[in-house]
Amino acid sequence: MLLTALRGECGMGDEWTRRMRGLHIDAERRSPAAGVRSGRLALGLLATLLALLAAVGGWTALHSWRGSGAGPAAVGPATAAKPAAGADAAAPVLIATGEIVSDHVVTVTAQVPGPIVGVPVEQGRRVERGQLLAQIDEIDYRLRRDMQAAALRETEAVLEKARYDRDRTAALHAQQQISDAEWVAASTALARAEAQLAAARAALALAEQQLSDCRITAPIAGTVLERHVEVGEFVTPEGGEYRGVKTQVATIADTEHLRVEVDVFEEDISRIRANMQCAIVPDAYRQRRYAGRVLWVDPRGDYSKGAVGVKVRIENPDEFTRIGGGARVEFLE
């Protein structure tokens, strides 16, 4: 109808109609490339639709995985755990990560200067209180001890003679056979000999102590965390007259009294109480669990962290609870 109207308006008649029909392309004369392009367009739209569906599925799975708590725990202050309805009474109310530390860590230092002639312990070895850690060459100290012992015996002999002289002069003075000055001199000599004897005894005690200090022993039972010296090295007490030499011999930690130190956000600290039961899982051995309890809650807060420090006692530590290692603490109801 539109072609008829246009033809009537333009007055072109049958000639115009014939020319317009000449522009028509029969179906069998169309180019095959046009069909291919149409097919490709349809395939492209289908691929785009499938990609969108895959992206939506992946996003949903990711959020489901995060919501299930399967991802790695974040290091930092404790976060509140919200157990699902119907969870048992031992479900954690808070989970935190912290460091395993010992109640007693002692750095053993030398008490006398001298070269090291023996180190019978190795790093990681357990030692008992009083066990030898290192040996300082004691030859000089033994000679000093012997000299002081000889000096003491000499002083004792001098004292014995001074005592005899004083007693003799006292008898003569009572008989008025000697002057007062002679009696006073004898008494003064006795007092001086007694003082010298006390000094000789102190010197001998010091020499014996120095000789004993050549044996550097463990002050506590524990594990050797670090050995600082080797045979042949020279050690000296801290602040001694020797400079540029070592003072530390070994570092020992008590491995029977361990704790985990964690930080808990201030808004969650009300959930924590003294002696609260906990479960402890070392980072290095996640298949192992240890019983624990809240040992101490810091009465102070840390404004810069917005957190409060908490110490958790490990009730049954063993060789898998390594000092300085990380651990996860689950605070239980």
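Tally Lys/Arg at +1 and Asp/Glu at -1 over every other residue whose Cβ is under 15 Å from the Cβ of Leu225; what's the total? It works out to a net charge of -3.
Multiply the residue gap between Phe234 and Ser212 by 0.36 nm, knock off their C-alpha separation, and tell me the result in nm, one decimal place. Write down the numbers at each step before the final one.
On the way: separation 22, 0.36 × 22 = 7.92 nm, distance 1.74 nm.
Full extension of this stretch gives 6.2 nm more.
Can you give me the orientation-averaged projected area of the convex hull built on the Cα atoms of the stretch 110-154, in nm²? Intermediate values should be presented prior to the final figure.
Values: hull surface 17.3 nm².
Average of the hull's projected areas for the stretch 110-154 equals 4.3 nm².
How far, in nm, would the chain grow between Glu226 and Glu256 when pulled straight, counting 0.36 nm per residue and subtracting the alpha carbon separation?
Working: separation 30, 0.36 × 30 = 10.80 nm, distance 1.76 nm.
Difference between extended and current length: 9.0 nm.
Between Asp283 and Asp137, the contour length at 0.36 nm per residue exceeds the alpha carbon distance by 48.2 nm. Largest first, the extents of the alpha carbon coordinates of the stretch 138-213 on the three principal axes equal 56, 13, 12 Å.
Remind me, what semi-axes does the stretch 156-198 give for its equivalent ellipsoid, largest first in whole Å, using sqrt of 5 times each Cα gyration tensor eigenvalue? Could you put the intermediate results ahead of the total?
Details: eigenvalues 86, 18, 5 Å².
After diagonalising the Cα gyration tensor, the semi-axes are 21, 9, 5 Å.
Net charge in the neighbourhood of Gly325 (other residues with Cβ under 10 Å of its Cβ; Lys, Arg +1, Asp, Glu -1) is -1.
For the stretch 211-333, the mean projected area of the C-alpha convex hull, equal to one quarter of the hull surface, is 11.6 nm².
Between amide H atoms placed 1.01 Å from N, distances below 5 Å from Ile314 occur with Leu258, Arg259, Val260, all of them 5 or more places distant or on a separate chain.
Neighbours of Val101, meaning other residues whose beta-carbon lies under 15 angstrom from its beta-carbon, give a summed charge of -4 when Lys and Arg score +1 and Asp and Glu score -1.
Each reported figure results from applying straightforward, stated rules to the coordinates on display, with no laboratory input. Source: prediction; values computed, not measured. Cβ atoms come from the backbone with ideal geometry, glycine included; neighbour counts cover every protein chain shown.
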